[in-house]
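The values are calculated or read from the model by the stated rules, or taken from the named source; none is laboratory data. Since the structure is predicted, the reported quantities are computational estimates derived from the model, not experimental observations. So basically every Cβ, Gly included, is an ideal-geometry build from the backbone, and we count neighbours across all protein chains shown. The protein model used for the area step is the full one, side chains on, heavy atoms only, and it has no ligands, DNA or RNA in it. Shrake-Rupley method; radii C 1.70, N 1.55, O 1.52, S 1.80 Å.
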Amino acid sequence: MKQELNKSLLRAVQYHYIDGTFEFTFSGLCLVLAAFFYVQAKLPESLISTILMWLFVLIIPSGSILINRLVNRFKEKVTYPRTGYLSYQKPKGVNKAVKTGFAMGVTAIIGGLVAAIITGSPQALDWMPGLTSFVFAFVFAWIGFRSSLPRFLLLGFLLLLSGVLLSVTGFGNILGLSLFYAIAGLLLLVSGALTLRVYLLRNPRDVEEQDGF
Amino acid sequence: MASDAGDFSSVDRLVHEPSRAVILSVLAVVESADFVYLKRETGLTSGNLSTHLSKLEAAGYVDIEKTYRGRMPLTLCRLTPEGRLAFENYRVQLMEFVRNTRE
């Protein structure tokens, strides 16, 4: 029975990634960041660069809200009518505090490490794509193991490879970052599109499930 | 052995039915799920699923909210605290039974 319950939990986790919208969300953010760093690299002293720099703190949260809304809209139109709606249990009490603390701790450690490396050696900035790809690979590997979906392990590996290759081939920090985010955005876009295609083929509209209660 | 069987005979018969146990196992790991998701996960027909959900609702194990998404009817199901407890007790009893009857 425990096994059955674990299977139910795993299937509920996998359901979150069933239609590729997770990759589209991540891809959108990566492409916005790619554009941001490209402007920083190509027009470092320009007005647009300064404005974008000041707006940077707004880019991630506003982009996330916008993309979240689009994803919800998409799921309401495409996913829920085909394979159903599911809401996940939110962590409560100690569990929530532990998860928040863990996320903050990991962020602080990564931030501290990056700051220490850059302060110790300015040339280390050239390794920013590599370091960023390492964080991405860690996140995708975690998602892959948690959901038992191998495509995330492959994505993590490809992102790590592209980040390290960009660093080794000597792309400067900002342009390298821009290229890394562009590659990440495109890879995720392709993965999301393939996942969505498979999902739509397996759950065609003409056999759309109906609420028959 | 007789006493093990005796303990197990006190199992909640409402939960101790394969289809209902599967429904509860799906609902136990989520906040709520709609009828379409439950149907897909359990592999039951609409009629069967409706019947089992009605029984679970009548026992106070499942809370059913009937609403609309746009113009489409939406049936949202969630486990009540009583349902969660009943399912947890059932799991404990089942595991106990298996452990005690191991060769």
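The table below lists the values:
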read-out	value
Leading residue by the ranking (nearest to B:Ser9 (Cα to Cα)) among those in the stretch B:60-71 that are of a type outside the set (Asp, Glu) and exposed (fewer than 14 other Cβ atoms within 10 Å of the Cβ)	B:Gly60
Number of the exception - B:Leu74 against (1) more than 8 Å from chain A (Cβ to nearest Cβ); (2) surrounded by fewer than 20 Cβ atoms within 10 Å (Cβ to Cβ)	(1)
Evaluation of B:Phe87 against (1) surrounded by fewer than 20 Cβ atoms within 10 Å (Cβ to Cβ); (2) under 12 Å from the mean Cα position of the chain (by Cα); (3) in a helix (DSSP H, G or I); (4) more than 7 Å from chain A (Cβ to nearest Cβ) (one fails), failing number	(1)
Residues located in the stretch A:42-92, provided they are open to solvent by 60 Å² or more (accessible area, probe 1.4 Å), within 11 Å of chain B (Cβ to nearest Cβ), of a type in the set (Lys, Arg) and assigned to a helix (DSSP H, G or I)	A:Lys77
Condition met for B:Glu57 (within 11 Å of chain A (Cβ to nearest Cβ), within 30 Å of B:Phe8 (Cα to Cα) and surrounded by fewer than 20 Cβ atoms within 10 Å (Cβ to Cβ))	yes
Search result, residues across the stretch A:151-208 that are small (Gly, Ala, Ser) and open to solvent by less than 40 Å² (accessible area, probe 1.4 Å)	A:Gly156, A:Ser162, A:Gly163, A:Ser167, A:Gly172, A:Gly176, A:Ser178, A:Ala182, A:Ala184, A:Gly185, A:Ser191, A:Gly192
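Residues checked against (1) of a type in the set (Phe, Trp, Tyr); (2) more than 8 Å from chain A (Cβ to nearest Cβ); (3) outside any loop (DSSP other than H, G, I, E, B):
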| position | (1), (2), (3) |
| --- | --- |
| B:Asp7 | no, yes, yes |
| B:Ser10 | no, yes, no |
| B:Arg13 | no, yes, no |
| B:Val22 | no, no, yes |
